[in-house]
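**Student:** What follows is a single structure, and I will ask about it in a moment.
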Amino acid sequence: MTLTMRFLLLLAVCFFWTVSTSHVPYDSIFSFGDSLADTGNFLLSGALAFPVIGNLPYGETFFGHATGRCSDGRLVIDFIAEAYGLQFVPPYLALTEGQKVQHGVNFAVAGATALDSKFFYDKNIGNFLWTNDSLSIQLGWFKKLKSTLCTTKQDCDNYFKGSLFLMGEIGGNDYNYPFFLGSTITELKAVVPLVVETIAAATSMLIEEGAVELVVPGNFPIGCSAVYLTLFQTPNKAAYDQNGCLKAYNAFSKYHNAQLKLALEKLRKKYPHTRIIYADYYGAAKQLVHLPKHHGFYGGLKACCGGGGPYNFNNSARCGHTGSKPCMDPSTYANWDGVHLTEAAYRYIATGLTKGPFTSPPLKSSSMFDGL
Ligand SMILES: *[C@@H]1O[C@H](CO)[C@@H](O)[C@H](O)[C@H]1NC(C)=O
Ligand SMILES: *[C@@H]1O[C@H](CO)[C@@H](O)[C@H](O)[C@H]1NC(C)=O
């Protein structure tokens, strides 16, 4: 055998060895949450509160048409699916009767709250909800679907052992609605334990159903979002941090996140066979507002698509409505429409989740050369 032949043979052996030992760490994704994760359910649900997400410029960057995603393109869940070589996770409400579920399902609905809508109706703000499809409704959909995927406990445990469960982001809207309607930070701090308890209970429920690998994201630094910056702007300079964000609202997000992390720590003790991964959305998004230009986000705290004002967020001319327009290059903005982020920002965050450092413990590596 010539040296060249030997070399080629060696290459071939290495190649096959690599292929046969490479494993996709997750074979399906099941997702729950709100507009940060919704890939079409809200639009399909027929809810009319916010139909503009069904039109361009929503979707303009990646899909070329609106998909029901609250962004110009892909969301964190899409980038996670891509990172693991999976197809985009289909929205639950798009499934047709008898359709085979192969790589998971997305139950997230834009506008959804962690708490049931009754909580908001009891506080007389129920009419402002975009949707009633709160976390418990989404879990109900999951249970219904699960009965078609597997039957015995062993069967289900086996089915879900390769699944990645994304529990959120959820909970942000439980605060958004009341904040926008005038509730104070002090009032809403009292709601945090309820919201956190609901997210923790949902996480437990999924574990009881067979989930072993779960990601639970915290809340964003809401004090840096164009909608909060616009609605709660103040001449008091001391209210802002060095990045121009509203300190008190960011502190509120941190308060929620700290309680969530404590709750997850308890769950890890209760279910030592699982991996409960906290996703630090706060830390990841904070990078984008701290030295945004360093990451190519020249828009700073301004929304890409909006109807004017210091943060390009105008409640009377929100993105998609008359009087608003999208920026020339959404990839240079972190904020898309005042409330949601751009595909570029979601890509940055997703990379920080799949490759670190914004997940703890880390997600499984998607590299096919693992173990070599
Ligand atoms: C939510 O439920 C209430 C009461 O059942 C109903 O009146 C309301 O229209 C629903 N809201 C949405 C957005 O579907
Ligand atoms: C907000 O939009 C309304 C309606 O288009 C417009 O009249 C108003 O001037 C806008 N405000 C700012 C600050 O651009």
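The values are calculated or read from the model by the stated rules, or taken from the named source; none is laboratory data. These numbers were taken from a predicted model, which means no experiment stands behind them. Cβ: placed from backbone, ideal geometry, glycine included. Neighbour counts: every protein chain shown.
**Student:** Looking at segment 337-352, can you tell me whether even one residue there is farther than 22 Å from LEU166 by Cα and part of a loop (DSSP other than H, G, I, E, B)?
**Tutor:** Yes, there is a match, as at least one residue in segment 337-352 is farther than 22 Å from LEU166 by Cα and part of a loop (DSSP other than H, G, I, E, B).
**Student:** Of the residues LEU214, LEU264, which is among the aliphatic types (A, V, I, L, M), assigned to a helix (DSSP H, G or I) and on the phi < 0 side of the Ramachandran plot? Full working, then the answer.
**Tutor:** Details: LEU214 fails: assigned to a helix (DSSP H, G or I).
Answer to the selection: LEU264.
**Student:** Ok, one more. In segment 202-229, which residue that is within 17 Å of the chain's Cα centre (by Cα) and of a type in the set (Val, Ile, Thr) is farthest from GLY352 (Cα to Cα)?
**Tutor:** THR203
**Student:** May I ask you to say which residue of THR351, THR332 is at pLDDT 95 or above, of a type outside the set (A, V, I, L, M) and surrounded by fewer than 17 Cβ atoms within 10 Å (Cβ to Cβ)?
**Tutor:** On the way: THR332 fails: surrounded by fewer than 17 Cβ atoms within 10 Å (Cβ to Cβ).
Only one candidate passes the filter, namely THR351.
**Student:** Shifting gears a bit: Just name the residue that is farthest from ALA334 (Cα to Cα) out of those in segment 284-310 that are away from ligand 2 (no atom under 16 Å from the Cβ), of a type in the set (Gly, Ala, Ser) and more than 20 Å from the chain's Cα centre (by Cα). Full working, then the answer.
**Tutor:** Filtering segment 284-310 down to residues away from ligand 2 (no atom under 16 Å from the Cβ) leaves 284-300.
Adding the requirement that they be of a type in the set (Gly, Ala, Ser) leaves 284-285, 296, 299-300.
Add one more test, that the residue is more than 20 Å from the chain's Cα centre (by Cα), and what stays is 296, 299-300.
Numbers: GLY296: 9, GLY299: 7, GLY300: 7 Å.
Step by step, filter segment 284-310, then rank; the result is GLY296.
**Student:** Going by what's in this entry, would TYR271 be described as away from ligand 2 (no atom under 16 Å from the Cβ), in contact (Cβ under 8 Å) with a residue 40 or more places away in the chain and closer than 22 Å to VAL109 by Cα?
**Tutor:** On the way: away from ligand 2 (no atom under 16 Å from the Cβ): yes; in contact (Cβ under 8 Å) with a residue 40 or more places away in the chain: yes; closer than 22 Å to VAL109 by Cα: no.
So TYR271 fails the test.
**Student:** Is segment 213-224 home to any residue that is over 23 Å from ASN176 (Cα atoms) and at pLDDT 95 or above? Full working, then the answer.
**Tutor:** Let us first name the residues in segment 213-224 that are over 23 Å from ASN176 (Cα atoms), namely 213-214.
Now narrow it down to the ones that are at pLDDT 95 or above: 213-214.
Yes, some residue in segment 213-224 is over 23 Å from ASN176 (Cα atoms) and at pLDDT 95 or above.
Yes/no per residue for (1) more than 16 Å from ligand 1 (Cβ to nearest atom); (2) within 21 Å of the chain's Cα centre (by Cα):
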| residue | (1), (2) |
| --- | --- |
| ALA81 | yes, yes |
| TYR121 | no, no |
| SER134 | no, yes |
| SER147 | yes, no |
| MET167 | yes, yes |
| ASP174 | no, yes |
| LEU188 | yes, no |
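**Student:** Based on this model, can you work out whether ARG275 counts as surrounded by 20 or more Cβ atoms within 10 Å (Cβ to Cβ), of a type in the set (Lys, Arg) and touching an Asp or Glu at 6+ places or on another chain (Cβ under 8 Å)?
**Tutor:** Working: surrounded by 20 or more Cβ atoms within 10 Å (Cβ to Cβ): no; of a type in the set (Lys, Arg): yes; touching an Asp or Glu at 6+ places or on another chain (Cβ under 8 Å): yes.
No, not satisfied.
**Student:** Does any residue of segment 51-61 turn out to be assigned to a loop (DSSP other than H, G, I, E, B), under 18 Å from MET167 (Cα atoms), under 17 Å from the mean Cα position of the chain (by Cα) and not aliphatic (A, V, I, L, M)?
**Tutor:** Narrowing segment 51-61 to residues assigned to a loop (DSSP other than H, G, I, E, B): 55-61.
Those left that are additionally under 18 Å from MET167 (Cα atoms): none.
No, there is no match, as no residue in segment 51-61 is assigned to a loop (DSSP other than H, G, I, E, B), under 18 Å from MET167 (Cα atoms), under 17 Å from the mean Cα position of the chain (by Cα) and not aliphatic (A, V, I, L, M).
**Student:** Here are some conditions: (1) small (Gly, Ala, Ser); (2) at positive phi; (3) in a helix (DSSP H, G or I). ALA285 meets all but one. Which one does it not meet?
**Tutor:** (2)
**Student:** Check whether at least one residue in segment 37-47 is within 26 Å of GLY323 (Cα to Cα), surrounded by fewer than 20 Cβ atoms within 10 Å (Cβ to Cβ) and modelled with pLDDT under 95, and report yes or no.
**Tutor:** Yes, segment 37-47 contains at least one residue that is within 26 Å of GLY323 (Cα to Cα), surrounded by fewer than 20 Cβ atoms within 10 Å (Cβ to Cβ) and modelled with pLDDT under 95.
**Student:** Sticking with this structure for a sec: Test GLY171 against the stated conditions and say whether it is more than 16 Å from ligand 2 (Cβ to nearest atom), in contact with a His (Cβ under 8 Å, 6 or more places away or on another chain) and modelled with pLDDT of 95 or more. Full working, then the answer.
**Tutor:** Working: more than 16 Å from ligand 2 (Cβ to nearest atom): yes; in contact with a His (Cβ under 8 Å, 6 or more places away or on another chain): yes; modelled with pLDDT of 95 or more: yes.
Yes, satisfied.
**Student:** While we're on this one: When both residues are 6+ apart or on different chains and their Cβ atoms are under 6 Å apart, which pairs have a first residue that lies in segment 40-63 and is touching a residue at least 24 places away in the same chain (Cβ under 8 Å) and within 16 Å of ligand 2 (Cβ to nearest atom), and a second that is assigned to a loop (DSSP other than H, G, I, E, B) and among the small types (Gly, Ala, Ser)?
**Tutor:** VAL52/GLY320
**Student:** Ok, one more. In the list ALA279, ALA263, which residue meets the criterion of being in contact with a Leu (Cβ under 6 Å, 6 or more places away or on another chain) and touching a residue at least 40 places away in the same chain (Cβ under 8 Å)? Spell out how you get there, then give the answer.
**Tutor:** Details: ALA263 fails: in contact with a Leu (Cβ under 6 Å, 6 or more places away or on another chain).
From the options ALA279, ALA263, the qualifying one is ALA279.
**Student:** Would you check which residues across segment 288-320 are among the hydrophobic types (A, V, I, L, M, F, W, C) and assigned to a helix (DSSP H, G or I) and list them? So that I can check it myself, show each step before the final result.
**Tutor:** Step one: list which residues in segment 288-320 are among the hydrophobic types (A, V, I, L, M, F, W, C), which gives 288-289, 291, 297, 301, 303-305, 313, 317, 319.
If the condition is that a residue be among the hydrophobic types (A, V, I, L, M, F, W, C) and assigned to a helix (DSSP H, G or I), then LEU288, VAL289 are the ones that fit.
**Student:** Quick one: LEU56 ticks every box in (1) within 30 Å of THR322 (Cβ to Cβ); (2) aliphatic (A, V, I, L, M); (3) buried (at least 16 other Cβ atoms within 10 Å of the Cβ) except a single one, so which number is it?
**Tutor:** Here LEU56 meets the rest and fails (3).
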